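Accompanying notes for the structure given below.
The values are calculated or read from the model by the stated rules, or taken from the named source; none is laboratory data. Nothing here was measured: the structure is a model prediction, and the numbers come from that model. Neighbour counts are summed over all protein chains in view; Cβ atoms, including those assigned to glycine, are modelled from backbone coordinates with ideal geometry.
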Amino acid sequence: MKVLNNISLQEHNTFGIKSNALKFTEVETLYELTEILTNKEFENENILILGGGSNILFTQDFDGLVIKIKIRGFEVLNQDDDEVFVKVGAGEMWHDLVLFALDNNWGGLENLSLIPGTVGAAPIQNIGAYGVELKDSFEYLEAIDIKTLSLVKFEKDQCKFGYRDSIFKNEAKGKFVIISVVFKLSKTPKINTTYGAINEVLQQKNILNPTIRDVSEVVCAIRQSKLPNPAVIGNAGSFFKNPNITFEHYELLKNLYKDMPVHPVSDTHVKIPAGWLIEQCGWKGKTFSNYGVHKNQALVLVNYGGALGKNIVELSKNIQNDIYLKYQIELEVEVNFI
Ligand code: FAD
Ligand code: EPU
């Protein structure tokens, strides 16, 4: 395991932002991880744990040690007629896990097809798409406490999963390295096609009794039609979360904006699509030389090449201000600023 100095992080973040790390290393095993964490040479360094860099915005150079997690492996822990428990290394790519599950006809992850990034980062924001979240198949994870180096097991309730949220974005932020995640998958999959355009596309294809592979293929096609491919245009997916507002707040706004889309989330709150709010404020497709707001999905901020992290931050602040002035809604950032 080598530790490199002054390494460009441009290829390690899907935004394609130019930024340098003072020190950079990749770890493939638990042994390598503990070796680097116990090395006296780095004991005072700031540490950044990196997966695929698809939910990160570098706003400056990183003055510390970046540890990229490449711990691999799939292991079936146990199974019965209905369920299978699979332990997956944190450095496996998320979509490879989805394909592994599909190849075995194990259900639960198909709606989460094609989400970029690693398995180890997926619990951090409880990744979600098309009506399903990681927590729905999550059993437990194992992590290393960066300070004490002890191996800690987090059960589902300890992770405090919420919408794009977990303990790892709050009180446990920056304190643990996730090394593996255990999933409970179903051998008798229940199809979930209620969200968005899944049913519509299945009907167009004349698929009446979809398999989990059919659902996965449809989800991939919908995603590819909406979201920019980071290999072509730098981005980190949704830049903001969809905001929840109180029912009273919504009632006031509804009188002014009759076509405002809304999804009930509880007896007291509704969710408003942030993409709609951003589009209504005229930001969709706006471009400022080499960065801007994507033309097909207003929730995605993009780097056309050479933009700086601070350009994207400034753009995001201007969007937040406009939304607040017009709707009195505070948009919360989903992406992690470094
Ligand atoms: P990184 O960006 O490398 O890291 C994200 C955070 O997790 C950082 O704070 C990092 O320090 C921490 N971290 C990473 N690995 C570990 C580890 N092993 N242990 C401890 N901390 C760690 N997200 C969704 O929820 N739904 C979507 O539909 C979705 N679509 C996307 C589409 C596109 C085109 C893109 C670019 C992104 C999308 N995302 C989506 C966001 C992103 O894919 C997820 O957040 C993903 O889980 C990030 O994984 P990563 O490995 O790239 O994490
Ligand atoms: N909309 C607009 N204009 C836009 C974009 C969206 O008006 O430019 C409105 C439309 O009303 C549309 C609605 O927003 O019907 C929802 O749009 P979409 O289905 O594209 O989903 P989203 O709410 O923008 C969320 C997640 C995505 C996830 C998709 C599918 C968040 C922050 N984003 O996006 O996750 O893939 O649903 O489930 O919850 C991510 O987290 O990075 C991400 C891409």
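Some notes on this structure:
- Taking strands (runs of 3 or more DSSP E) as the structural unit, those lying wholly within region 38-155 and holding at least 3 residues that are of a type in the set (D, E, K, R) correspond to 138-145.
- Of note, Val76 does not satisfy the criterion of being of a type outside the set (Asp, Glu) and surrounded by 15 or more Cβ atoms within 10 Å (Cβ to Cβ).
- Any hit, region 105-127, residues being over 15 Å from the mean Cα position of the chain (by Cα), loosely packed, with under 15 Cβ neighbours inside 10 Å and more than 9 Å from ligand 1 (Cβ to nearest atom): yes
- Conditions (1) touching a helix residue (DSSP H, G or I) at 6+ places or on another chain (Cβ under 8 Å); (2) hydrophobic (A, V, I, L, M, F, W, C); (3) more than 15 Å from ligand 2 (Cβ to nearest atom): number failed by Met260: (3)
- Among the residues of region 213-260, the ones that are of a type in the set (Lys, Arg) and within 11 Å of ligand 1 (Cβ to nearest atom) come to 3 in all.
- Residues satisfying the stated conditions in region 25-52, i.e. more than 17 Å from Leu149 (Cβ to Cβ) and without any contact (Cβ under 8 Å) to a residue 60 or more places away in the chain: Glu26, Asn46, Leu50
- Qualifying residue in region 77-87 (condition: more than 14 Å from ligand 1 (Cβ to nearest atom), among the aliphatic types (A, V, I, L, M), in the same structural domain as Ile144 (by TED's automatic domain parsing) and more than 17 Å from Glu142 (Cα to Cα)): yes
- So Pro273, is it of a type outside the set (Phe, Trp, Tyr), under 23 Å from Ile198 (Cα atoms) and more than 12 Å from ligand 2 (Cβ to nearest atom): no
- Candidates Gly237, Gly275, Gly285, Gly309, filtered to the one that is touching a residue at least 24 places away in the same chain (Cβ under 8 Å) and at positive phi: Gly237
- When every residue of region 157-172 is checked against the conditions, at least one turns out to be more than 13 Å from ligand 1 (Cβ to nearest atom) and more than 23 Å from Glu83 (Cβ to Cβ).
- Entry remark, region 4-17: residues being on the phi < 0 side of the Ramachandran plot and either buried (at least 16 other Cβ atoms within 10 Å of the Cβ) or part of a helix (DSSP H, G or I) (or both) number 9 in total.
- Answer from Phe168, Phe183 - the residue that is buried (at least 17 other Cβ atoms within 10 Å of the Cβ), among the hydrophobic types (A, V, I, L, M, F, W, C) and in contact with a Leu (Cβ under 8 Å, 6 or more places away or on another chain): Phe183
- Once region 217-232 is narrowed to residues that are more than 14 Å from ligand 2 (Cβ to nearest atom) and not acidic (Asp, Glu), the residue that is farthest from the chain's Cα centre (by Cα) is Val232.
- Residue among Leu114, Leu77, Leu65 that is within 16 Å of ligand 2 (Cβ to nearest atom) and touching a residue at least 12 places away in the same chain (Cβ under 8 Å): Leu114
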